[in-house]
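Below: one structure, written as structure tokens.
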Amino acid sequence: MTRKKLTCILCPNGCELEVSHSGEPTPETIVVEGHTCPRGIDYAIEELTAPKRTLTTSILVSGGTQPQASVKTACPIPREALFAARGELRRVVVDAPVAIGEVVATDIAGTGVDVVVTRAVGRRLNDTSRPER
Amino acid sequence: MTLRARETDVAVIGGGPAGLAAAAAAADAGARVVLIDRNPHLGGILNQCIHDGFGLHAFGEVLTGPEFAARYVDRAREAGVEVHSDTLVAELTPERELVCTSPGSRSRLRASSVVLAMGCRERTRGMLRIPGPRPAGVYTAGTAQWLTNMENIRVGRRVVILGSGDIGLIMARRLTWEGAEVAAVVELLPYPSGLPRNITQCLEDYGIPLHLGHSVTCIRGRDRLDGVTVSRFGEDRRPIPGTAFDIPCDTLLLSVGLIPENELSRRAGVQLDTSTSGAFVDDRYMTNVPGVFSCGNVLHIHDLADWAAEEGERAGRAAASHALEGLATGGRSTLATITAGEGIRYVVPQAASKGAKEVLISFRVGAPDQDRTAEVLADGRALASETLRRAHPAEMVQMTVRCADGLNVDRLEVRLQ
């Protein structure tokens, strides 16, 4: 019997989970305790079999009111793909304006997941668009 | 030259989550609302908090900071809030007159209610009194977050983070993703001050060491930081001789606490609570200055933006009701005090109106513990109690006291049994 303690990361409660399984960890063999909602079970199973994380980062914007737009993977991706995904996004430059939800990359790092904008960036009109201070 | 003041029902100072939510709620309640923010873009600090984990309470879904902010910006605009960005409130009088400055103009505004929602700022190196020279490469975690996420500026290659607050933990992961090496997170207290899930997903995921009960005792380097000395600290909060070790690094981030930004409040005569560094408020979030309300991180530091926004909503509704009805019925009702008893670090609000049917109390415990019962006592009698499976100073707790016949005691006390 293998026992392990996990902290659920799905919400700020951060439940402390006691996870055990005999033999290989599979959805059938994993027993979860300490969760206060059903998502804790899903989290523990995923964490022991194929851990996933959401990547949140910024990409370059050309001609925008700000130099960068923040982005995220549309859903969590395998943890081991995080750095490759970040690397691919370093080469992405989008033209302003961009809106929340706009897709800036597809199938990031071969995960089949899209990357979407999380903050709108407007187009810079000219250098006097904002009064001088 | 005296400028004639414009009039409005409610003026909200600060366009972060608390201010946006307050403005929207006040406008929904029928008040004319002016929201003043010193930045060119609304949303406050949320715009640089590009990580996810926001919105689970407020919207039932996981959002990033900018997405969470955008929801509240839309809500405020739909409610008809008049927004003045790029505008700084330079002065607030006890009569609720605001002096506002923006590029190229200066104006006055008189409001029946004012909502303070200016947020907080980070503690700096100067406040910690860390000895050593003053090389480049020492940043507050929030400044490093701004430079990395908004300005595309690389802050450093090998990083030590002092303090285990959530912003520091989030930045440990962020800088790791950016290709930097985070050599260590160092925390003076024997327990982390950030949320448990951030310890897991920001440190443990990347094998970043967390040194509890340690602190930085020396900063080294001439032009650029080249290392820090870390020592173990005893219970007396002094370094233990012989425990010092060096960590080479070119960057030190400070995530050592937030301070409500109350300069404006103080000048308006708002009394502050030394345990929160925010205003004393009653259950309507009104300060001792009639018609001046406070909410969000300027009132007390929140661990979640969702809670700051919810508090803003309640303060906004109260500010609208004061502006639209309250002025006629006069100022403050008789108040019962609410105090922090055994095991409790602070309570907000610090007073409740007598006759209130329901009072929501936010508080923090003093030290980590398990399976403790928090109770609200009225003249020695328990009005509400709740078991805290995990009691932790990093996690704000809220309890509601219900009094069917209206609150009729002089004093409430929150304590751990």
Distance in nm between pseudo-label sites at residue B:417 and residue B:226 (7 Å out along the Cβ direction from Cα): 6.0 nm
Exposure proxy ranking, count of Cβ atoms within 10 Å, fewest first, for B:37, B:9: B:9, B:37
Förster radius 30 Å - calculated FRET efficiency between residue B:390 and residue A:60, Cβ distance, rounded to 0.05: 0.10
The range B:145-205 and the range B:1-61: distance between their alpha carbon centers, rounded to Å: 29 Å
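Using only DSSP helix segments of four residues or longer, with each worth -39500 (n - 2.57), what per-residue ellipticity at 222 nm results for chain B after dividing by its residue count and rounding to 500?
On the way: 7 runs with 73 residues, N = 417.
Here the helix-only value at 222 nm equals -5000 deg cm²/dmol.
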Sorted by Cβ density within 10 Å, fewest first, the residues B:285, B:191, B:139: B:191, B:139, B:285
Most mobile listed residue (B:78, B:97, B:375) in chain B, GNM with C-alpha springs under 10 Å: B:78
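So if each residue of separation counts as 0.36 nm, and I subtract the Cα-Cα distance between residue B:82 and residue B:267, what length gain in nm does that give?
Values: separation 185, 0.36 × 185 = 66.60 nm, distance 2.52 nm.
Extending this stretch completely gives an extra 64.1 nm.
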Size of charge dipole - the range A:2-50 - debye, nearest 20, with Cβ of Lys, Arg +1 and Asp, Glu -1, no other charges: 140 debye
Calculated from backbone phi, Karplus (6.51, -1.76, 1.60) coupling profile of the range A:77-88 in Hz, x at Gly/Pro: 10, x, 4, 6, 8, 4, 6, 5, 5, 4, x, 5
The range A:62-115-the range B:362-417 distance, computed between alpha-carbon centres (Å): 45 Å
Trypsin sites (Lys or Arg not before Pro) lying in DSSP loop within the range A:1-95, provided at most 12 other Cβ fall within 10 Å: A:91
Choice from B:239, B:209, B:103 showing the highest fluctuation, given a GNM over chain B with Cα pairs closer than 10 Å: B:103
Nearest-0.05 FRET efficiency for residue B:342 and residue B:204, computed from C-beta distance (R0 41 Å): 0.75
Distance between modelled label sites at residue B:74 and residue B:238, nm, 7 Å Cα→Cβ extension: 5.8 nm
Amide N proximity, the range B:66-82 versus residue A:99 label position 7 Å along Cα-to-Cβ, cut-off under 14 Å: none
The range B:351-357 - phi-based ³J(HN,Hα) in whole Hz, Karplus 6.51/-1.76/1.60, Gly and Pro as x: 7, 9, 5, 5, x, 4, 8
Segment residue B:127-residue B:275, length gained on full extension (0.36 nm per residue, minus Cα span): 51.6 nm
Simple label model, 7 Å out from Cα along Cβ direction - residue B:105 to residue A:106, nm: 4.6 nm
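What is the magnitude of the charge dipole of chain B about its Cα centre, with +1 placed on the Cβ of each Lys and Arg, -1 on the Cβ of each Asp and Glu, and no other charges, expressed in debye to the nearest 20?
Values: 45 positive and 50 negative charges, 209 e Å.
I would put it at about 1000 debye.
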Long-range HN-HN contacts of residue B:51 with modeled amide H, under 5 Å: B:65
Amide H contacts under 5 Å for residue B:372, placed H, 5+ residues apart: B:388, B:391
Residue B:115 long-range amide H proximity, modeled H, under 5 Å: B:11, B:12, B:13, B:293
Calculated FRET efficiency for the pair residue B:154/residue B:218, C-beta based, R₀ 35 Å, to 0.05: 0.90
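Since every read-out is calculated from the coordinates, none of them should be taken as a lab result. This is a predicted model, so every value here is computed, not measured. Don't worry about glycine lacking a Cβ; one is built from the backbone with ideal geometry, like all the others, and counts go over all protein chains shown.
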